[in-house]
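I have placed the structure first, in the form of structure tokens, so that the comments after it can refer back to it.
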Amino acid sequence: MLSIFRGSLARRARRAVGLCAVAGLTSLAAPVMAQPATQQITYLLPAPANLPAFAPLMLAEKKGYYAAEGLSVRWLTVQGGADVGKQLASGNGDLGGGLGDTPIVLRPNGIPIKGVALLGGRTLHQLVVRDDANIKSPADLKGKTITVLAYQDTGFYATLGVLASAGLTRNDVRIQGAGPAGVWQQVATGKAEAMVGTPEWAQNIEDAGVKVTMTSTDKYFPGMAQAILASDKTIAERPEMVRKFVRATIKSVAEIMRDPAGAAKEYCATVPGYKGKEAEIEKILTYYARNVYPGQQRLGAFDPARVTKLQDFYAQEKVIRQKSNPADLFTNQFVQ
């Protein structure tokens, strides 16, 4: 009986080993469900990545929104929005940031880029003046020094627009392309009376103990907010990549609009150097949420009438030598 029992156990063991072997072969033969490959892209920034203006991008990366779309993003800083457009057209990046104005200025120069998403219905740039400079309107800027990020940046063109609203030209003022630090530091130290730049730079001036007044430049001319830019070639050849990046970014913008205070906490935990500055960042992101991002029927979409009006303004003031077909300046095909 014992020998029969032992024989039965041996047969069962051999059967089990055989089944395991078959199962192993079957699993090897079965098709493996591969994970989608991560696509690496380069995004060109017009200024350093740690500026709160880029909070939607940095938070989207931190929260894994780009990764969820199968994108791995390399951030590279260049010299202003106009330089972003030039580099994209040359194939030195996949996507980049500027203003919605940027294609209006660059396309007449043979630089084929478009806006693929507009991050807000108002304008990014603010006219920031020292309260002790007695500047009550753009007309009072005559003879004053105004700082901008760079002469290649769209903030420079926004400055020309503000001046033109008062019948002034660049020859009536001193415009300094001061870089991302000097643009606000020169105002804070009194070397300049005014600045055209982002809300966070105005906050930096106030943090330095100088009172300023900030006015959206769209009070004086029809500027636009930040835009995601792409070359015509990229749009034609890699539309799904563009769509994924736009979708992830717009999701982040919407979250900041809903809860700027919560976004500020997350941002300070994400970006080195902002720990303990939650109150300042909350103030900045709240300004964006209330004064830059609103005003679109569909978040991320360009308004053709606004684009046309702005291009007409630039042509009238001879910022551009010729106008482009508005359909060549932007596309809303990637905004859902």
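The values are calculated or read from the model by the stated rules, or taken from the named source; none is laboratory data. In this text the structure is predicted, and so the values were computed from the model without any measurement. Note: ideal-geometry Cβ built from the backbone for every residue, glycine included; neighbour counts use all protein chains shown. Remember, those area values only see protein heavy atoms, side chains included, never the ligands or the DNA or RNA. Shrake-Rupley method; radii C 1.70, N 1.55, O 1.52, S 1.80 Å.
Annotations
- Picking from residues in region 297-317 that are open to solvent by less than 40 Å² (accessible area, probe 1.4 Å) and of a type outside the set (A, V, I, L, M, F, W, C), the one that is modelled with the highest pLDDT is G300.
- Subset of region 253-292 (residues that are basic (K, R) and not in a helix (DSSP H, G or I)): K275, K277
- Against the numbered list (1) open to solvent by 20 Å² or more (accessible area, probe 1.4 Å); (2) assigned to a helix (DSSP H, G or I); (3) at pLDDT 95 or above, G190 comes up short only at (2).
- K114 more than 17 Å from A49 (Cα to Cα), open to solvent by 10 Å² or more (accessible area, probe 1.4 Å) and in a helix (DSSP H, G or I): no
- From Y267, Y293, residue being touching a Gly at 6+ places or on another chain (Cβ under 6 Å) and at pLDDT 95 or above: Y293
- Within region 236-250, residues that are closer than 17 Å to G91 by Cβ and among the aliphatic types (A, V, I, L, M) reach partners that are open to solvent by less than 50 Å² (accessible area, probe 1.4 Å) and part of a helix (DSSP H, G or I) with beta carbons closer than 9 Å, at six or more positions or on different chains, in the pairs M241/T234; V242/T234; V242/I235.
- Looking across region 229-241, the residues that are among the aliphatic types (A, V, I, L, M) and surrounded by fewer than 23 Cβ atoms within 10 Å (Cβ to Cβ) come down to I235, A236, M241.
- Failed item, numbered, when R107 is tested on (1) at pLDDT 95 or above; (2) in a helix (DSSP H, G or I); (3) under 26 Å from P294 (Cβ atoms): (3)
- Answer residue from region 74-85, given it is in contact (Cβ under 8 Å) with a residue 40 or more places away in the chain and outside any loop (DSSP other than H, G, I, E, B) and is farthest from T38 (Cα to Cα) among those: A82
- Residue match in region 34-43 (condition: open to solvent by less than 40 Å² (accessible area, probe 1.4 Å), within 28 Å of P199 (Cβ to Cβ) and either modelled with pLDDT under 95 or in a helix (DSSP H, G or I) (or both)): no
- Just one of the listed residues (E61, E69) is within 27 Å of K114 (Cβ to Cβ), touching a strand residue (DSSP E or B) at 6+ places or on another chain (Cβ under 7 Å) and at pLDDT 95 or above, and it is E61.
- From F302, F313, residue being in a loop (DSSP other than H, G, I, E, B) and either among the aromatic types (F, W, Y) or not assigned by the TED database to the domain that holds L168 (or both): F302
- Where a residue in region 197-215 is more than 21 Å from Y151 (Cα to Cα) and basic (K, R) and its partner, wherever it lies, is surrounded by fewer than 18 Cβ atoms within 10 Å (Cβ to Cβ) and modelled with pLDDT of 95 or more, with Cβ under 6 Å and at least six apart: K211/D131
- Exactly one residue among A158, A150, A164, A192 is touching a residue at least 60 places away in the same chain (Cβ under 8 Å) and over 21 Å from the mean Cα position of the chain (by Cα), and that residue is A164.
- Test: residue in region 321-333 that is of a type in the set (G, A, S), closer than 30 Å to I256 by Cα and either open to solvent by 50 Å² or more (accessible area, probe 1.4 Å) or assigned to a helix (DSSP H, G or I) (or both): yes
- Test: residue in region 87-108 that is touching a residue at least 60 places away in the same chain (Cβ under 8 Å) and polar (S, T, N, Q): yes
- The residues on offer are A158, A133, and the sole one that is out of contact with any Phe, Trp or Tyr (no Cβ under 6 Å at 6 or more places or on another chain), buried (at least 24 other Cβ atoms within 10 Å of the Cβ) and not assigned by the TED database to the domain that holds E240 is A158.
- Hey, M195 buried (at least 23 other Cβ atoms within 10 Å of the Cβ) and touching a helix residue (DSSP H, G or I) at 6+ places or on another chain (Cβ under 9 Å) or not: yes
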